[in-house]
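Input: a single structure, listed below in structure tokens.
The values are calculated or read from the model by the stated rules, or taken from the named source; none is laboratory data. Just so it is clear, the model here is predicted, and its values are computed rather than measured. Don't worry about glycine lacking a Cβ; one is built from the backbone with ideal geometry, like all the others, and counts go over all protein chains shown. Heavy atoms of the whole protein, side chains included, go into the accessibility calculation; ligands, DNA and RNA do not. Shrake-Rupley method; radii C 1.70, N 1.55, O 1.52, S 1.80 Å.
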Amino acid sequence: MKYLIVSDIHGSAPRLAKVLEHYRNGGYDLLLILGDILNYGPRNGLPEGLDAPAVANMLNPLANRIVAVRGNCDSEVDQMLLHFPMMSTSAFLIDSGRRILLTHGHVMTPENTPTGSYDLFISGHTHLMDLDRRPGGAIVCNSGSITFPKGGNPPSFLTLEDGILSLRDLDGKVLKQLAL
């Protein structure tokens with residue numbers, strides 16, 4: 001399966017539109033959303049193109065191809081606009097025998113995960129992209145943010161295809177890759 005992974009959209013319709021263009025053109029099977037979908041939060045400024053209803057309208061037609069988790073800026077009222085579940089703080093996928101743990105990152109962190117093991121821990125929340133193999137072999141990555149990147153990083157998202165995890169900028173340029 002091919003996955004496009006995005007986090008911290010924060011209601012920015014133009015930024016999401018760019019990511020969805022990659023999703024459609026790349027023939028991805030699933031869109032994995034790591035929270036903070038519609039709202040921008042009180043610590044952030046107003047995002048470019050803030051339009052929560054437009055973001056919902058872009059995502060809802062893809063509802064049967066979305067796996068989403070709740071971020072710290074997501075709430076029950078957001079769920080009322082979205083046609084896919086997004087209120088769980090984590091999701092667990094199995095892909096080609098690999099165990100993938102998805103979370104926003106405000107409840108679970110790479111240092112604070114539930115009991116059990118995983119091959120790949122993917123989060124957002126900090127808006128700082130990261131892609132690293134930890135001692136023991138597990139890969140930990142943060143997709144960064146398409147709307148409010150931090151640390152001097154560009155807006156970013158992740159792709160996972162053919163056993164390769166890639167951090168990409170909004171133009172699709174690979175910033176960093178790691179084989180699983």
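Compute the length gained on full extension between N25 and R134: take 0.36 nm times their separation in residues and subtract their Cα-Cα distance, giving the result in nm to one decimal.
Working: separation 109, 0.36 × 109 = 39.24 nm, distance 3.22 nm.
Once the chain is fully extended between N25 and R134, it gains 36.0 nm.
Would you compute, from DSSP H runs of 4+ residues alone, the mean residue ellipticity of the chain at 222 nm, taking -39500 (n - 2.57) per run and dividing by the full residue count, rounded to the nearest 500? Before the final figure, lay out the partial values.
Working: 3 runs with 28 residues, N = 180.
So the helix-based figure for the chain works out to -4500 deg cm²/dmol.
Summarised as an ellipsoid, the chain has semi-axes of 23, 17, 16 Å, derived from the eigenvalues of the Cα gyration tensor scaled by 5 and square-rooted, with the largest first.
Reducing region 52-109 and region 1-22 to their Cα centroids gives an inter-centroid distance of 12 Å. Taking Cα atoms only, the orientation of helix 13-26 departs from the longest principal axis of the chain by about 50 degrees. Normalised per residue, the accessible area of region 135-180 is 41 Å², obtained with a 1.4 Å probe and no contribution from ligands, DNA or RNA. Net charge near Y118: determine it from the other residues with C-beta under 12 Å of the C-beta of Y118, scoring Lys and Arg +1 and Asp and Glu -1. Every neighbour counted, the sum reads +1. In this structure the amide hydrogen of I139, modeled in the peptide plane, comes within under 5 Å of the amide hydrogens of L120, F121, R134, none closer than 5 places in sequence on its chain. A 1.4 Å probe run over the protein chains yields, for region 24-109, 48 Å² of accessible area per residue, whole-number rounding. For region 146-152, 3J(HN,Hα) computed residue by residue from phi via the Karplus equation (6.51, -1.76, 1.60; θ = phi - 60°) reads 7, 10, 10, x, 10, x, x Hz, glycine and proline entered as x.
Within region 79-180, what whole-number % of the accessible surface is contributed by carbon and sulfur, with the 1.4 Å probe and all protein chains included in the calculation?
Values: 2510 of 4730 Å².
Carbon and sulfur: 53 percent of the exposed surface of region 79-180.
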